Every structure is written in structure tokens, then in C-alpha cells.
1. THR141 versus (1) part of a helix (DSSP H, G or I); (2) away from ligand 3 (no atom under 16 Å from the Cβ); (3) among the polar types (S, T, N, Q): which is the lone unmet condition?
2. Considering ARG265, ARG321, ARG259, ARG279, which residue is more than 30 Å from LYS27 (Cβ to Cβ) and touching a helix residue (DSSP H, G or I) at 6+ places or on another chain (Cβ under 8 Å)?
3. If we scan the stretch 314-325, do we find a residue that is surrounded by fewer than 23 Cβ atoms within 10 Å (Cβ to Cβ) and in contact with a Ser or Thr (Cβ under 8 Å, 6 or more places away or on another chain)?
4. Out of all the residues in the stretch 145-168, which are more than 11 Å from ligand 2 (Cβ to nearest atom), of a type in the set (A, V, I, L, M), part of a loop (DSSP other than H, G, I, E, B) and in contact with a Lys or Arg (Cβ under 9 Å, 6 or more places away or on another chain)?
5. Determine the pairs where a residue that is within 20 Å of VAL134 (Cβ to Cβ), located within the stretch 79-91, has a partner that is among the acidic types (Asp, Glu) with Cβ atoms under 8 Å apart, the partner being 6 or more residues away or on another chain.
Amino acid sequence: MKKLNASQPFFANDEARSSPITVQEAKTIYNSPFNDLLFQAQTVHRAHFDPNAVQMSRLLSIKTGGCAEDCGYCSQSAHYPTGLKASKLMEVDRVLTEARKAKDAGATRYCMGAAWRSPKDRDIHMLVAMVEGVKALGMETCMTLGMLTQAQAGELAKAGLDYYNHNIDTSERFYPEIITTRSFAERLDTLETVRMAGIKVCAGGILGMGETVDDRISMLLTLANLPVPPESVPINQLIPIPGSKLANAEPVDAIEFVRTIALARILMPTSHLRLSAGRTAMSDEMQALCFFAGANSIFVGDTLLTTDNPGDDHDAALFRRLGLSPMPLEPAI
Ligand code: SAM
Ligand code: DTB
Ligand code: SF4
């Protein structure tokens, strides 16, 4: 077993490395002394990113609630009495008005989410118009719409969609305890469809659903060992939704959360790692540790899809306290 040694950084996706990283190797990294783990993660982080720059994305729910899937964590599943009102697909103009506000507030990526198992072909022309409109504002575009066919992914790619978010959420083992209306394998199929269409992949998961540490490690290994690791990896802390299956899930331990972020950074050195849902429940100190462990992206603004987010004032104060600055958009080549 490879021993973690702070003076010999362990770069999982090193060019020199030909074999995928093993479960045992990942466990060794995860379980190393906290200071060694964080030093290692920060070392990897600095080799690839400006350590004080944080990418800022903004979310909008373009179609809310009434979803056919039974995801146990979600406010939008029709299977649970969460009290959320369902709505139709939002008009393109309204989406663009909201995107403009997000850009003015400093966001560089606009992420549009729909509570669907998969989009209907008849909706694609509106989705295409949204992507084109947001791109024309000079922002990166991201969508999360459920499963896609090859043809749908192709249309969205042609419109200029930069990223597609599709989370694997947890380990393959634990997945059926959280969602029964679709499989882990279907999730991976959609990720492949998106990749083949030439869209960048955003895929991550949720901590705090009752999974074990081994499940978290397994989830990260699945992501890191994809043929090409996701360019963007959102790590969400469960926001417990009253009425949902996971309303009373045991909260994840903060140190374990930070360890998971550090392992994700070490396993996926060049991916943007997003400290996603759940920041309202985190202290500034915990968020600071997450940034030190290699998180370098957040959702900004006072709402996520259907739940609260810290908001611009709080985040501006946090950035000031930590000396962080917004990551500029890379110029398109
Ligand atoms: N319907 C699409 C799908 O499931 O792929 C897109 C929207 S869905 C809300 C996007 C992701 O948000 C989920 O995969 C899950 O990881 C995350 N999410 C949803 N509800 C959450 C909650 N209550 N707490 C934390 N993360 C959540
Ligand atoms: C992701 O991993 N987190 C975002 C985004 N991808 C689409 C969604 C978080 C949703 C939090 C619960 C809500 O607001 O409904
Ligand atoms: Fe539907 Fe997505 Fe929520 Fe699952 S996570 S219930 S697919 S909106």
C-alpha cells in the first residue's frame, strides 16, 4: 500500500500514472492525519489553480417541481409531500433577465435546472434559445435537465452549451436506497452521451444522506476513474427537505466533509470543485477549511433551485475575510 508522505505528493491523475487509482489508495489518503491530508490537497491545488480565486456560478430553476423521479433528497419529487408548487418551463425572456442580473452580480457561469426525468423533444427549441441568449451575454452556460438522448445533447452542444450537470449523487452500492426510478448505470450512460456530444461534464454528489465514508470514497473514485474526469465536480451537503424521505437524515460531520473535499481535490487535480448546496448551514470557518482543502467554486446569490443560499452580502464578507477573489472567465480560444 502506498504511504501518504507530505514531501512526496501523491498525484492521482499524474500523467505518469497508467493505472486507475485503487480503493485502498484512496482510503489511505482519506484516513491520513488531517494536517497531512490538507497539506497534500493544498499542494495539488496550487499546482493547478490560483489558490485564492473562486469560480462563481448562479443557479436558476427554469422548471420547478412535479418531478416523476423519486430522489429521496429532493424538494421537487412528486413522490413526497414537500409542499412545493410545480410550475411550467419558464419563458426565455425571463431566464435572460435573471441571467443578466446574475452577471451584474459577478457570476461567470449560469446554470439552468429543470425538474425532469428527461426533457421532451418539444422543449428543446426553448432550451436552445436559453443557451444562445445566455452565451450572448458573455457567460458560460450550464444545464441540468435529467437524462438526454444523443440527439438532444447534440442540439444543446450546437447551441453552445458549455457544461451539463448530471450528478451520480452517491456510491453505486448506496444509490438504490436513495433513488429507485432510475439506475446508477443510467446516470453513467447520460454522462457518456454528454461527453460524446462535446459538452463539458459537471458531475458530483451529496454528502449527508446516511451513506458511509466508503460510499463517499467510492463515489469520488467513480468520478475520478471516468475515461475523462468531470471538469466540474459539485459536492453538496444535504439540505434536509421537510416531507422528503431524507428529512431527518443525520448531518454529516464537518471534518469528514472537509476530508472528502480534500480527497476529491487529490483525485481530480484539474477539476473545478464546487462547494455547492448546504453552505447556509456551514460556518465561515468550515467553508474556509473547504477552500483550503481545494474547493474553488461556489453558487452565488440568495437562492439555489428551491432552497436558500447565503447571498451576495454574506459571501462578499466571507471573500474579504479570507482574501479570496472571483475567478475570471478564461478567454475563449
Ligand atoms: N432533475 C435533474 C437531475 O436530477 O439530474 C436536475 C436537477 S437536480 C435538483 C440536481 C442535483 O441537485 C441533484 O442531482 C442533487 O445532487 C442536488 N440536490 C437536489 N436536492 C438537494 C438537496 N436537498 N440537498 C443537496 N443537494 C441537492
Ligand atoms: C448541484 O450539484 N447542486 C445544484 C446543481 N447541481 C443543480 C442544485 C442544488 C439544489 C439544492 C436544493 C434546492 O435548491 O432545491
Ligand atoms: Fe427530479 Fe432531479 Fe429532483 Fe430527482 S433530483 S426528483 S430528477 S428534480
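1. (1)
2. ARG321
3. Yes, the stretch 314-325 contains at least one residue that is surrounded by fewer than 23 Cβ atoms within 10 Å (Cβ to Cβ) and in contact with a Ser or Thr (Cβ under 8 Å, 6 or more places away or on another chain).
4. Those that are more than 11 Å from ligand 2 (Cβ to nearest atom), of a type in the set (A, V, I, L, M), part of a loop (DSSP other than H, G, I, E, B) and in contact with a Lys or Arg (Cβ under 9 Å, 6 or more places away or on another chain): MET147, LEU161.
5. LEU89/ASP123
To keep it simple, each residue is scored yes or no on (1) within 16 Å of ligand 3 (Cβ to nearest atom); (2) surrounded by fewer than 21 Cβ atoms within 10 Å (Cβ to Cβ).
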residue	(1), (2)
MET196	no, yes
GLY204	yes, no
LEU220	no, no
ASN236	yes, no
PRO242	yes, yes
ASN248	no, yes
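Conditions (1) within 14 Å of ligand 1 (Cβ to nearest atom); (2) small (Gly, Ala, Ser), marked per residue:
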position: PRO119; (1), (2): yes, no
position: ASP123; (1), (2): yes, no
position: LEU127; (1), (2): yes, no
position: MET130; (1), (2): no, no
position: LYS135; (1), (2): no, no
position: MET139; (1), (2): no, no
position: MET143; (1), (2): yes, no
position: MET147; (1), (2): yes, no
position: GLY154; (1), (2): no, yes
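Yes/no matrix, rows are residues, columns are (1) within 16 Å of ligand 2 (Cβ to nearest atom); (2) of a type in the set (A, V, I, L, M); (3) in contact with an Asp or Glu (Cβ under 9 Å, 6 or more places away or on another chain):
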site	(1), (2), (3)
GLU25	no, no, no
SER32	no, no, no
LEU37	no, yes, no
CYS67	yes, no, no
THR82	yes, no, no
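The values are calculated or read from the model by the stated rules, or taken from the named source; none is laboratory data. As the structure is a prediction and not an experimental result, all values here were calculated from the model. Every residue, glycine among them, receives a Cβ derived from its backbone with ideal geometry; neighbour counts consider all protein chains shown.
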